1. Taking a 26 Å limit on the Cα-Cα distance, which of the listed pairs 11/216; 115/139; 139/212 fall beyond it?
2. Out of all Cα-Cα pairs in segment 48-108, roughly what percent, to the nearest whole number, are more than 17 Å apart?
3. Express as a percent, rounded to the nearest 5, the fraction of DSSP beta bridges in segment 80-227 (both residues included) that run antiparallel.
4. Quick one: what does P(r) look like for segment 1-87 with 10 Å bins over all Cα pairs, in whole %?
5. If you split all Cα-Cα distances of the chain into 5 Å bins from zero, what percentages do you get per bin, shortest first?
6. Would you grab the residues whose amide H sits under 5 Å from the one on residue 87? Only those 5+ places off in sequence or on another chain, please, with H modelled 1.01 Å from N.
7. What length, rounded to one decimal in nm, is gained on full extension from residue 127 through to residue 194, with 0.36 nm per residue of separation minus their alpha-carbon distance?
8. Taking only C-alpha pairs under 8 Å that are 6+ residues apart, what is the relative contact order of segment 123-231 in percent?
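The values are calculated or read from the model by the stated rules, or taken from the named source; none is laboratory data. The model shown is predicted, which means the values in this text are computed figures rather than measured ones. With ideal geometry, Cβ positions are generated from the backbone for all residues, glycine too; neighbour counts draw on all protein chains shown. Note: areas computed on protein heavy atoms with side chains; ligands, DNA, RNA excluded. Shrake-Rupley method; radii C 1.70, N 1.55, O 1.52, S 1.80 Å.
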Amino acid sequence: NHPIRLVQVSKVYDTKFVETHALTNLNLEIAKGDFVSISGPSGCGKSTLLSILGLLDQPTSGQYFIDGTDVSSLSFDQSATIRNEKIGFVFQSFNLIDELTVFDNVALPLRYSSKSRTEQEIAALVNASLETVDMQHRKDHFPNQLSGGQQQRVAIARGIVHQPSILLVDEPTGNLDSKSGEAVMQLLQDLNAKGATICMVTHDPHFAEVAKVRLKLQDGAISKPAEMECVA
Ligand code: ADP
Ligand code: ADP
(Lines give C-alpha, C1' and ligand atoms only; values in the text may rest on other atoms or scores of the structure.)
(Ligands and ions follow the chains in the order given, each with its own letter.)
Protein backbone atom coordinates (compact mmCIF):
# COMPACT_ATOMS: atom_id res chain seq x y z
CA ASN A 1 0.00 0.00 0.00
CA HIS A 2 2.82 2.40 -0.87
CA PRO A 3 1.88 3.76 -4.29
CA ILE A 4 5.01 5.93 -4.28
CA ARG A 5 8.48 4.70 -3.41
CA LEU A 6 11.84 6.32 -4.10
CA VAL A 7 14.95 4.24 -3.40
CA GLN A 8 18.34 5.97 -3.21
CA VAL A 9 17.32 8.56 -5.76
CA SER A 10 19.93 11.09 -6.83
CA LYS A 11 19.69 13.85 -9.37
CA VAL A 12 22.76 15.57 -10.73
CA TYR A 13 22.44 18.43 -13.18
CA ASP A 14 25.46 18.41 -15.41
CA THR A 15 25.90 21.82 -16.95
CA LYS A 16 28.92 23.08 -18.81
CA PHE A 17 31.29 23.77 -15.93
CA VAL A 18 29.58 22.46 -12.80
CA GLU A 19 27.71 19.46 -11.51
CA THR A 20 24.83 20.36 -9.21
CA HIS A 21 23.74 17.62 -6.84
CA ALA A 22 20.08 18.53 -6.54
CA LEU A 23 19.02 15.30 -4.75
CA THR A 24 21.31 12.85 -2.98
CA ASN A 25 20.35 9.25 -2.12
CA LEU A 26 16.80 10.15 -1.28
CA ASN A 27 14.51 7.46 0.16
CA LEU A 28 10.83 8.20 0.36
CA GLU A 29 7.69 6.13 0.75
CA ILE A 30 4.25 7.64 0.41
CA ALA A 31 1.41 5.42 1.57
CA LYS A 32 -2.08 5.38 0.14
CA GLY A 33 -4.05 8.16 1.83
CA ASP A 34 -0.99 10.07 3.03
CA PHE A 35 -0.77 13.83 2.93
CA VAL A 36 2.92 14.71 2.67
CA SER A 37 4.35 18.20 2.66
CA ILE A 38 7.83 18.99 1.42
CA SER A 39 9.39 22.23 2.51
CA GLY A 40 12.85 23.70 2.72
CA PRO A 41 14.91 26.66 1.54
CA SER A 42 15.16 27.76 -2.07
CA GLY A 43 17.50 25.48 -4.01
CA CYS A 44 17.11 22.47 -1.68
CA GLY A 45 15.63 20.32 -4.44
CA LYS A 46 11.85 20.66 -4.03
CA SER A 47 11.13 21.36 -7.70
CA THR A 48 13.51 18.61 -8.77
CA LEU A 49 11.80 16.10 -6.47
CA LEU A 50 8.36 17.10 -7.73
CA SER A 51 9.52 16.80 -11.37
CA ILE A 52 10.80 13.30 -10.72
CA LEU A 53 7.67 12.25 -8.84
CA GLY A 54 5.60 13.64 -11.74
CA LEU A 55 7.63 11.79 -14.38
CA LEU A 56 8.63 15.10 -15.92
CA ASP A 57 12.27 14.28 -15.30
CA GLN A 58 14.25 11.15 -14.45
CA PRO A 59 16.67 10.47 -11.62
CA THR A 60 20.37 10.22 -12.45
CA SER A 61 20.49 7.11 -10.27
CA GLY A 62 18.17 5.18 -7.97
CA GLN A 63 14.72 3.76 -8.49
CA TYR A 64 11.23 5.15 -8.51
CA PHE A 65 8.26 2.82 -8.13
CA ILE A 66 4.64 3.79 -8.79
CA ASP A 67 2.17 1.12 -7.68
CA GLY A 68 5.03 -1.35 -7.67
CA THR A 69 6.27 -0.62 -11.20
CA ASP A 70 9.78 0.75 -11.66
CA VAL A 71 9.33 3.94 -13.66
CA SER A 72 12.80 5.40 -13.21
CA SER A 73 14.05 4.77 -16.73
CA LEU A 74 11.05 4.57 -19.01
CA SER A 75 10.98 5.97 -22.52
CA PHE A 76 9.38 9.37 -23.10
CA ASP A 77 6.15 7.78 -24.38
CA GLN A 78 5.92 5.21 -21.59
CA SER A 79 6.43 7.99 -19.01
CA ALA A 80 3.69 10.05 -20.62
CA THR A 81 1.26 7.14 -20.50
CA ILE A 82 1.91 6.45 -16.82
CA ARG A 83 1.88 10.17 -16.00
CA ASN A 84 -1.52 10.58 -17.65
CA GLU A 85 -2.98 7.61 -15.78
CA LYS A 86 -1.40 7.85 -12.36
CA ILE A 87 -0.43 11.45 -11.61
CA GLY A 88 -2.50 14.54 -10.93
CA PHE A 89 -0.91 17.99 -10.89
CA VAL A 90 -1.83 21.25 -9.21
CA PHE A 91 0.47 24.22 -9.87
CA GLN A 92 1.02 27.57 -8.22
CA SER A 93 -0.12 29.37 -11.37
CA PHE A 94 -3.18 27.11 -11.93
CA ASN A 95 -2.11 26.37 -15.57
CA LEU A 96 -5.65 26.35 -16.90
CA ILE A 97 -6.14 26.77 -20.63
CA ASP A 98 -7.80 30.15 -21.26
CA GLU A 99 -9.54 29.04 -24.46
CA LEU A 100 -11.29 26.10 -22.81
CA THR A 101 -14.29 26.18 -20.50
CA VAL A 102 -14.01 24.99 -16.92
CA PHE A 103 -15.64 21.71 -17.97
CA ASP A 104 -13.17 21.13 -20.81
CA ASN A 105 -10.19 22.07 -18.65
CA VAL A 106 -11.21 19.49 -16.07
CA ALA A 107 -11.84 16.90 -18.80
CA LEU A 108 -8.28 17.19 -20.15
CA PRO A 109 -6.66 14.36 -18.16
CA LEU A 110 -9.47 12.04 -19.29
CA ARG A 111 -9.01 13.00 -22.93
CA TYR A 112 -5.23 12.47 -22.72
CA SER A 113 -5.67 9.13 -21.00
CA SER A 114 -5.10 5.91 -22.92
CA LYS A 115 -8.21 4.52 -21.22
CA SER A 116 -11.07 4.98 -23.62
CA ARG A 117 -14.20 6.52 -22.12
CA THR A 118 -17.49 7.59 -23.66
CA GLU A 119 -18.51 11.26 -23.56
CA GLN A 120 -21.14 10.31 -20.97
CA GLU A 121 -18.51 8.70 -18.77
CA ILE A 122 -16.29 11.77 -19.16
CA ALA A 123 -19.18 14.09 -18.28
CA ALA A 124 -20.03 12.04 -15.18
CA LEU A 125 -16.44 12.14 -13.92
CA VAL A 126 -15.98 15.86 -14.68
CA ASN A 127 -19.25 16.78 -13.01
CA ALA A 128 -18.45 14.72 -9.92
CA SER A 129 -15.02 16.32 -9.72
CA LEU A 130 -16.46 19.84 -10.09
CA GLU A 131 -18.98 19.06 -7.38
CA THR A 132 -16.19 17.96 -5.06
CA VAL A 133 -14.57 21.39 -5.35
CA ASP A 134 -17.93 23.18 -5.42
CA MET A 135 -17.47 24.66 -8.89
CA GLN A 136 -20.25 22.81 -10.70
CA HIS A 137 -22.14 26.10 -11.24
CA ARG A 138 -19.20 27.55 -13.20
CA LYS A 139 -18.62 24.72 -15.64
CA ASP A 140 -19.41 26.78 -18.75
CA HIS A 141 -17.28 29.74 -17.69
CA PHE A 142 -13.77 30.46 -18.91
CA PRO A 143 -10.82 30.69 -16.51
CA ASN A 144 -10.46 34.47 -16.84
CA GLN A 145 -14.04 34.87 -15.60
CA LEU A 146 -13.07 33.32 -12.26
CA SER A 147 -11.23 34.54 -9.18
CA GLY A 148 -7.82 33.11 -8.37
CA GLY A 149 -9.26 30.91 -5.64
CA GLN A 150 -11.93 29.59 -8.00
CA GLN A 151 -9.33 28.90 -10.70
CA GLN A 152 -7.29 26.90 -8.21
CA ARG A 153 -10.36 24.88 -7.25
CA VAL A 154 -10.92 24.10 -10.93
CA ALA A 155 -7.26 23.12 -11.23
CA ILE A 156 -7.71 20.77 -8.27
CA ALA A 157 -10.78 19.25 -9.96
CA ARG A 158 -8.61 18.64 -13.04
CA GLY A 159 -5.93 17.11 -10.81
CA ILE A 160 -8.26 14.51 -9.32
CA VAL A 161 -10.70 13.79 -12.17
CA HIS A 162 -8.85 10.68 -13.39
CA GLN A 163 -8.43 9.37 -9.82
CA PRO A 164 -4.63 9.41 -9.86
CA SER A 165 -2.44 7.34 -7.55
CA ILE A 166 -1.00 10.61 -6.29
CA LEU A 167 -1.86 14.29 -6.50
CA LEU A 168 1.28 16.45 -6.75
CA VAL A 169 0.73 19.98 -5.56
CA ASP A 170 3.26 22.77 -6.09
CA GLU A 171 2.87 25.92 -3.95
CA PRO A 172 -0.92 25.87 -4.33
CA THR A 173 -1.46 29.09 -2.39
CA GLY A 174 1.43 31.09 -3.85
CA ASN A 175 -0.80 33.21 -6.08
CA LEU A 176 -3.74 33.53 -3.70
CA ASP A 177 -4.76 35.99 -0.99
CA SER A 178 -4.73 34.45 2.47
CA LYS A 179 -8.48 33.78 2.63
CA SER A 180 -8.54 31.91 -0.72
CA GLY A 181 -5.33 30.16 0.30
CA GLU A 182 -6.93 28.86 3.49
CA ALA A 183 -9.94 27.65 1.51
CA VAL A 184 -7.75 25.78 -0.98
CA MET A 185 -5.82 24.20 1.89
CA GLN A 186 -9.08 23.12 3.52
CA LEU A 187 -10.18 21.60 0.23
CA LEU A 188 -6.95 19.60 -0.02
CA GLN A 189 -7.48 18.36 3.54
CA ASP A 190 -11.05 17.35 2.71
CA LEU A 191 -9.86 15.47 -0.39
CA ASN A 192 -7.24 13.70 1.69
CA ALA A 193 -9.88 12.79 4.29
CA LYS A 194 -11.84 11.15 1.45
CA GLY A 195 -8.78 9.07 0.55
CA ALA A 196 -6.70 11.12 -1.91
CA THR A 197 -2.94 10.68 -1.63
CA ILE A 198 -1.27 14.09 -1.76
CA CYS A 199 2.31 15.32 -1.95
CA MET A 200 2.60 19.10 -1.64
CA VAL A 201 5.58 21.39 -1.95
CA THR A 202 5.27 24.62 -0.01
CA HIS A 203 7.51 27.38 1.32
CA ASP A 204 4.86 28.29 3.86
CA PRO A 205 5.45 26.60 7.25
CA HIS A 206 1.87 27.35 8.29
CA PHE A 207 0.53 25.35 5.34
CA ALA A 208 3.13 22.60 5.71
CA GLU A 209 1.57 21.97 9.16
CA VAL A 210 -1.63 20.84 7.48
CA ALA A 211 0.06 17.69 6.15
CA LYS A 212 0.20 14.47 8.16
CA VAL A 213 3.80 13.79 7.16
CA ARG A 214 6.10 16.81 7.03
CA LEU A 215 9.39 16.41 5.22
CA LYS A 216 12.12 19.00 5.22
CA LEU A 217 14.62 19.00 2.40
CA GLN A 218 18.07 20.32 3.05
CA ASP A 219 20.66 20.28 0.26
CA GLY A 220 18.85 17.55 -1.64
CA ALA A 221 18.36 15.21 1.32
CA ILE A 222 15.53 14.70 3.76
CA SER A 223 16.56 15.93 7.19
CA LYS A 224 16.60 13.24 9.87
CA PRO A 225 13.51 13.57 12.11
CA ALA A 226 11.15 13.85 9.17
CA GLU A 227 12.70 10.84 7.48
CA MET A 228 12.13 8.70 10.57
CA GLU A 229 8.54 9.85 10.66
CA CYS A 230 8.11 9.00 7.01
CA VAL A 231 9.93 5.78 6.24
CA ALA A 232 8.09 3.20 8.29
P1 ADP B 1 13.95 24.29 -5.07
O2 ADP B 1 12.73 23.93 -5.84
O3 ADP B 1 13.94 23.73 -3.68
O4 ADP B 1 14.21 25.75 -5.07
P5 ADP B 1 15.40 23.02 -7.23
O6 ADP B 1 14.99 21.60 -7.30
O7 ADP B 1 14.82 23.97 -8.23
O8 ADP B 1 15.19 23.55 -5.75
O9 ADP B 1 16.98 23.09 -7.38
C10 ADP B 1 17.91 22.28 -6.68
C11 ADP B 1 19.30 22.61 -7.16
O12 ADP B 1 19.43 22.16 -8.52
C13 ADP B 1 19.61 24.08 -7.18
O14 ADP B 1 20.96 24.23 -6.89
C15 ADP B 1 19.32 24.49 -8.62
O16 ADP B 1 20.06 25.62 -8.99
C17 ADP B 1 19.71 23.25 -9.39
N18 ADP B 1 18.94 23.06 -10.62
C19 ADP B 1 17.59 22.88 -10.72
N20 ADP B 1 17.23 22.69 -11.99
C21 ADP B 1 18.35 22.73 -12.72
C22 ADP B 1 18.64 22.58 -14.13
N23 ADP B 1 17.67 22.34 -15.02
N24 ADP B 1 19.93 22.69 -14.52
C25 ADP B 1 20.91 22.91 -13.63
N26 ADP B 1 20.73 23.05 -12.31
C27 ADP B 1 19.45 22.96 -11.86
P1 ADP C 1 10.62 27.32 -7.33
O2 ADP C 1 11.61 27.11 -6.23
O3 ADP C 1 9.88 28.61 -7.21
O4 ADP C 1 9.73 26.13 -7.55
P5 ADP C 1 12.93 27.16 -9.00
O6 ADP C 1 13.70 28.41 -8.94
O7 ADP C 1 13.38 26.03 -8.15
O8 ADP C 1 11.40 27.47 -8.72
O9 ADP C 1 12.92 26.57 -10.47
C10 ADP C 1 12.07 26.98 -11.51
C11 ADP C 1 12.46 26.19 -12.75
O12 ADP C 1 13.80 26.56 -13.16
C13 ADP C 1 12.50 24.69 -12.52
O14 ADP C 1 11.93 24.05 -13.65
C15 ADP C 1 13.97 24.33 -12.40
O16 ADP C 1 14.23 23.04 -12.95
C17 ADP C 1 14.64 25.41 -13.22
N18 ADP C 1 15.94 25.77 -12.64
C19 ADP C 1 16.20 26.08 -11.34
N20 ADP C 1 17.49 26.35 -11.15
C21 ADP C 1 18.09 26.22 -12.36
C22 ADP C 1 19.42 26.38 -12.84
N23 ADP C 1 20.43 26.68 -12.02
N24 ADP C 1 19.67 26.19 -14.15
C25 ADP C 1 18.67 25.86 -14.98
N26 ADP C 1 17.39 25.69 -14.60
C27 ADP C 1 17.10 25.87 -13.31
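1. Check vs 26 Å cut-off fails for 139/212.
2. Counting pairs separated by more than 17 Å, the tail of P(r) holds 47 percent.
3. Once the DSSP bridges in segment 80-227 are tallied, antiparallel ones form about 20 percent.
4. 17, 50, 29, 4, 0
5. 1, 7, 14, 19, 19, 16, 12, 7, 3, 1, 0
6. For residue 87, the qualifying residues are 165.
7. 22.4 nm
8. About 21 percent, as a whole number.
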